[in-house]
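K.L.:
Let me give you the structure first, and then I'll get to my questions.
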Amino acid sequence: MQDAKIREVAADIYQIHMPLPMRPSIVNIHLVRNQDEWALFDTGMHTEESVATLKSAIEQVGCPPSAIRKLICTHHHADHFGTSRTYKEMTGAEVYLNPLEQQRVERMQSNLPSPEAMEFFRAHGIPLDEFPNGLPSPASHFGNRYMPVMPDHPIEDGETLHVGDRALQAVWTPGHTPGHCCFYFPHDKVMIAGDHLLPKITPHVGVYYSGPQNPLQDFIRSHEKIQELDVELVLPAHGGNFKDHRYRAKQIIQHHVYRLKEIHDQTHGRSITAFDIALNIFDFGKEKPPIFHVMAAAFETLSHLHLLMYEGKVERLHEDGYIKFVSH
């Protein structure tokens, strides 16, 4: 294969562009060195091409697998934690993950569709009759692309971790997932941002049957929180690196403020499901969108409805077998 796409983006911090079998087609992971110790931040998805890319990258920078002592992950999703088992076996590294992510790791490996999830989808208007055989379980959907390992160390908010003598701070940023963490290098003023702070897109923030019930509020507060850090370079999981983290965080908050108003307007004087609101406000183009895209839009809509509900701006009703929202 060609040389792996790896480059040094700060002193002894390397960014690796890992291929994904979907859109977005690349996830950025990071390799950090201090003295004779290396740490890998996130893993990419478990595919042959992705594993080959990492092996080529570490060889290119002179990092033997056994020198990677820590595998530190932002969150549990397949493109961030999906190769953790393979890389632990390959390197012997200790695996770090926020404990709120662990139950999600277990759920992602389930071979059985959850009855609670199916009822939750149905109640919010998802047309499950489009799936005569039912929705696939998480394990059947991801298959061998998600090969996680249980973490060795729970990551706590504000905890100081080390790569050799190099200190970094774990910053808990819930919203996209309950236990998502960014990693801040105060001496370098660099932040590995995972999916929390992306330069061009906003990550999915949705309400699901397993909770939490108000993730959008968590997400907005997390963006307020990271503005307190003295960051000069942001290393996101998707897209290019950038500098002004406060400006981008404020942009993302304003996007959701606008979307809250848009969704609130949909509930004026009528009761409506999250699914129907999503069909009205998301631009799916002329073609009938894949149901999974519509589901993601519905649950993102639901996160906005829940924030409005907790602020007392909309009311949640049980009507005709569905959960609907209305404002007066």
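Only the coordinates and a few stated rules stand behind these numbers; no lab work does. In this text, all values refer to a predicted model and were calculated from it rather than measured experimentally. Every residue, glycine among them, receives a Cβ derived from its backbone with ideal geometry; neighbour counts consider all protein chains shown.
K.L.:
How many nm is it between the label spots at Val61 and His187, if each spot is 7 Å from the Cα in line with the beta carbon?
P.N.:
1.6 nm
K.L.:
Okay, next question. Taking the alpha carbon gyration tensor of the chain, what are the square roots of 5 times its eigenvalues, largest first, to the nearest whole Å? Write out the running numbers ahead of the final one.
P.N.:
On the way: eigenvalues 261, 101, 56 Å².
For the chain, the ellipsoid semi-axes come out as 36, 23, 17 Å.
K.L.:
Separate question: Quick check: the distance between the Cα centres of the stretch 243-300 and the stretch 1-51, to the nearest angstrom?
P.N.:
Value for the Cα centre distance between the two parts: 32 Å.
K.L.:
Compute the separation of the alpha-carbon centres of the stretch 301-328 and the stretch 55-99 and state it in Å as a whole number.
P.N.:
Result: 42 Å between the Cα centres.
K.L.:
Using 0.36 nm per residue, how much length does the chain from Glu159 to Lys225 gain when fully extended, once their Cα-Cα distance is taken away?
P.N.:
Between Glu159 and Lys225, full extension yields an extra 22.2 nm.
K.L.:
In deg cm²/dmol and to the nearest 500, what is the mean residue ellipticity at 222 nm of the chain if only DSSP H runs of at least 4 residues count, each as -39500 (n - 2.57), divided by the residue total?
P.N.:
-10000 deg cm²/dmol
K.L.:
Quick check: from the Cα gyration tensor, does the stretch 253-292 come out rounded (a/c under 1.5), prolate or oblate? Walk me through the intermediate numbers first.
P.N.:
On the way: a/c = 2.51, a/b = 1.33, b/c = 1.89.
Here the stretch 253-292 falls in the oblate category.
K.L.:
Let me ask something additional. Which of Ile281, Ile201, Ile226 has the fewest other C-beta atoms within 10 Å, and how do the rest follow up to the most?
P.N.:
By the 10 Å Cβ count, ascending, the order reads Ile201, Ile281, Ile226.
K.L.:
So if I place +1 on the C-beta of Lys and Arg and -1 on the C-beta of Asp and Glu, and nothing else carries charge, what would the dipole magnitude of the chain be about its Cα centre? I want it in debye, nearest 20.
P.N.:
Dipole magnitude for the chain comes out near 520 debye.
K.L.:
Using θ = phi - 60° and the Karplus form 6.51 cos²θ - 1.76 cosθ + 1.60, what ³J(HN,Hα) does each residue of the stretch 249-266 get, whole Hz, x for Gly and Pro?
P.N.:
4, 5, 4, 5, 4, 5, 4, 6, 4, 5, 5, 4, 5, 4, 6, 4, 4, 5
K.L.:
Another question, then. Dividing the Cα radius of gyration by the Kirkwood radius, what Rg/Rh value follows for the stretch 222-328?
P.N.:
1.07
K.L.:
Right, next: Say we join alpha carbon atoms closer than 10 Å with springs in a Gaussian network model of the chain; which of Phe183, Phe242, Phe299 then has the biggest fluctuation?
P.N.:
Ranking Phe183, Phe242, Phe299 by mean-square fluctuation puts Phe242 first.
K.L.:
Let me ask something additional. Explain nothing, just compute: Karplus ³J(HN,Hα) = 6.51 cos²θ - 1.76 cosθ + 1.60, θ = phi - 60°, for every residue of the stretch 148-161 in order, whole Hz, x for Gly and Pro.
P.N.:
Values, residue by residue: x, 10, 5, x, 8, 9, x, 9, 10, 4, x, 5, 8, 10 Hz.
K.L.:
I've got another one for you. May I ask you to sort Trp38, Trp172 by Cβ crowding, counting other Cβ atoms within 10 Å and putting the fewest first? Walk me through the numbers before you get to the answer.
P.N.:
Working: Trp38 26, Trp172 19.
Taking fewest neighbouring Cβ atoms as first place, the list is Trp172, Trp38.
K.L.:
What net charge do the residues around Asp276 carry, taking every other residue with its C-beta under 11 Å from that of Asp276, with Lys and Arg at +1 and Asp and Glu at -1? Before the final figure, lay out the partial values.
P.N.:
Working: positive: Arg270, Lys324; negative: none.
Once positives and negatives cancel, what remains is +2.
K.L.:
Ranked by Cβ crowding within 10 angstrom, fewest neighbours first, how are Leu302, Leu198 ordered? Please list the in-between numbers first.
P.N.:
Values: Leu302 28, Leu198 21.
Exposure proxy ranking, most exposed first: Leu198, Leu302.
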